[in-house]
Structures are given as structure tokens and as C-alpha cells.
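Enquirer: Just dropping this structure here.
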């Protein structure tokens with residue numbers, strides 16, 4: 001572990017990320033254009049004290065999981081992520097082993113959408129980037145690692161993943177999630193990332209095995225969803241999905257479907273200014 005070089009690298013990358021790049025407000029009292037340490041800590045799901053010690057070269061060796069979270073929080077490229085792992089004394093995992101980087105153009109669109117919740121997802125449903133309003137809806141994606149990065153895996157292995165969906169909608173949502181994964185598996189036939197995920201899901205969930213055997217296929221495009229948010233209650237959202245030419249990433253834009261939802265989103269943004277949420281709703285955005 002090269003502590004001094006790691007410290008310098010983390011400081012420089014933190015200072016290079018604009019708050020808007022990660023969905024945070026610029027604020028009137030910033031002394032630099034980059035992120036504050038407490039913001040990096042929040043985005044990476046670790047303590048501010050540990051971020052300080054990393055930047056001062058006083059930390060213990062960070063785990064691969066923590067490095068992956070930092071790479072996400074700091075929007076590192078694949079080369080930068082590999083360098084981060086090297087400085088910390090770890091072998092860098094394959095590019096898809098931690099997270100794929102959201103396309104720069106899609107990230108800029110998140111900023112342009114302003115108060116409209118928007119997210120960048122991989123074709124397997126991994127959250128790669130989101131703007132501030134989507135952050136208030138979804139919480140922090142960096143808290144997930146391994147297969148739990150994918151909503152489809154959490155949906156079938158963690159009961160809390162379905163909490164944001166009304167009970168009457170869950171059966172249809174479950175079928176849609178499986179049908180969308182089937183479409184991705186067909187498009188990426190033979191890809192070990194996809195086939196491995198499917199096999200692990202089949203081993204973990206009898207419900208998934210039953211639905212997978214039915215061979216339903218459907219790509220998610222436009223949709224209307226009802227979300228149960230723990231802070232502001234029921235939200236009815238229209239969802240539009242824009243897909244990159246290689247179909248590897250998606251820009252999901254959520255707009256309120258009625259006046260009540262619009263008012264509740266406005267309230268959520270006000271609450272977010274007062275205090276960032278520490279929990280997460282695990283919103284079923286796919």
C-alpha cells in the first residue's frame with residue numbers, strides 16, 4: 001500500500017468532481033469546486049473520519065469493497081479505478097466486477113434535467129449514476145456490492161427490496177423484471193456476467209426459477225409506476241427510458257403523473273436540503 005500516493009490521488013480526484021456531477025447542490029459557500037470530504041463519505045457509505053485518514057495517509061489498508069465504493073463516489077474511469085486499487089495494494093478486479101462507468105454524456109444529461117429525477121442504469125439494472133432528486137428517491141447505490149448491485153437479485157433475495165412497491169403491483173413488477181432480464185440474456189448470449197447472475201438467482205429463489213422457466217421476454221421502455229416513499233408517501237411516476245446505441249446503458253427519467261405527486265416531490269426536495277437521507281427506499285425503477 002502506497003499511502004502517500006494514495007492520499008494525493010484521492011485528494012486530486014475529489015477536487016476534480018463537481019457536486020453537480022453526483023447530483024449534489026453547488027451551494028454558496030464552497031471554497032473549491034470539488035466535493036467536500038463529508039460528501040465523498042456520504043456517497044461512498046463510509047465515515048468522514050476514514051476519508052480524512054485516507055487523504056492524510058494515516059489509514060489502514062482499505063478493503064476492495066471500500067475501494068469500489070470510492071471509485072463510484074469519485075466517478076473514476078476504469079484506468080483510474082485500476083490505479084486506485086494498485087495504490088491501495090490490491091489487484092484491480094475486472095471492469096464489471098465493481099461497477100461500469102456511466103457515459104459522460106448521460107451524466108451531463110442528469111445535470112441538465114435539474115429537479116426531474118433521472119438515473120443511468122446498466123442493462124442489468126445496476127445504478128451507475130443519478131441526479132440529486134433521484135438520490136432523494138433511491139438513497140445511496142454504493143451501499144450494494146456483488147450481486148446485490150443488481151435490483152433483480154435484491155428483488156428475489158431481500159424482502160426489503162419490494163417495500164417501495166404497493167402490494168397489489170408486486171406480482172406484475174416481478175414478471176416484468178424477469179422478462180427484462182430474459183431480453184438482456186438473449187442479447188448478451190454467452191456472456192458469463194449474465195449467465196452467472198441467472199444461475200445464482202435460480203439457486204437462490206424458487207420464485208425466480210418458476211418465472212424464468214416461462215420464457216417471458218419484454219424490454220422495459222415507457223411505464224407508469226407507483227412508489228411508496230418512507231418520507232413523503234405515495235408517488236405516481238411516469239417513466240421514460242432512453243437506451244444507448246449498444247443497449248448497454250439506459251437513461252431513466254421519472255416525471256410526476258399527477259399534481260399530488262408533484263407536490264410531494266417538491267416536499268422531498270425541501271426535506272433533502274435540510275438533511276440528506278441515510279437510508280434508502282430501493283425504488284423499483286426497472
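Values quoted throughout were computed directly from the atomic coordinates according to the rules given, and no laboratory measurement underlies them. A quick note: this is a predicted structure, and the numbers were derived from the prediction, not measured. Cβ placement follows ideal geometry from the backbone for every residue including glycine, while neighbour counts extend to all protein chains displayed.
Enquirer: Rounded, prolate or oblate for the chain? Axes are the square roots of the Cα gyration tensor eigenvalues, ordered a ≥ b ≥ c, and the cut-off for rounded is a/c under 1.5.
Expert: Verdict is oblate for the chain.
Enquirer: Now, a different point. Any idea what the relative contact order of segment 104-274 is, in percent, if you count C-alpha pairs under 8 Å spaced at least 6 apart?
Expert: Worked out over segment 104-274, it gives 23 percent.
Enquirer: Do you know the relative contact order of segment 154-243, to the nearest whole percent, from alpha carbon pairs under 8 angstrom that are 6+ apart?
Expert: Contact order relative to length: 30 percent.
Enquirer: What angle do you read, to the nearest 10 degrees and between 0 and 90, between the alpha-carbon axis of helix 170-187 and the longest principal axis of the chain?
Expert: 70 degrees
Enquirer: Shape call for segment 3-98 from the C-alpha gyration tensor, a ≥ b ≥ c root eigenvalues: rounded (a/c under 1.5), prolate (a/b greater than b/c) or oblate?
Expert: Prolate is the answer for segment 3-98, as a/c is 1.5 or above and a/b outweighs b/c.
Enquirer: So how far apart, in nm, are the two label points at residue 172 and residue 18 if each is 7 Å from Cα heading toward Cβ?
Expert: 4.0 nm
Enquirer: Let me ask you something else. Answer rounded, prolate or oblate for segment 104-274, using the Cα gyration tensor with square roots of eigenvalues a ≥ b ≥ c: rounded when a/c is under 1.5, else prolate when a/b is larger than b/c, else oblate.
Expert: Note, shape of segment 104-274 comes out prolate.
Enquirer: I would also like to ask the following. Quick one: check the C-alpha center-to-center distance for segment 27-66 versus segment 1-17, whole angstrom.
Expert: 10 Å
Enquirer: Helix 78-87 versus the longest principal axis of the chain: what is the Cα-based angle in degrees, 0 to 90, to the nearest 10?
Expert: 50 degrees
Enquirer: May I pose another question? If each DSSP helix of 4+ residues adds -39,500 (n - 2.57) and the sum is divided by the residues in the chain, what number results at 222 nm, nearest 500 deg cm²/dmol?
Expert: About -13500 deg cm²/dmol.
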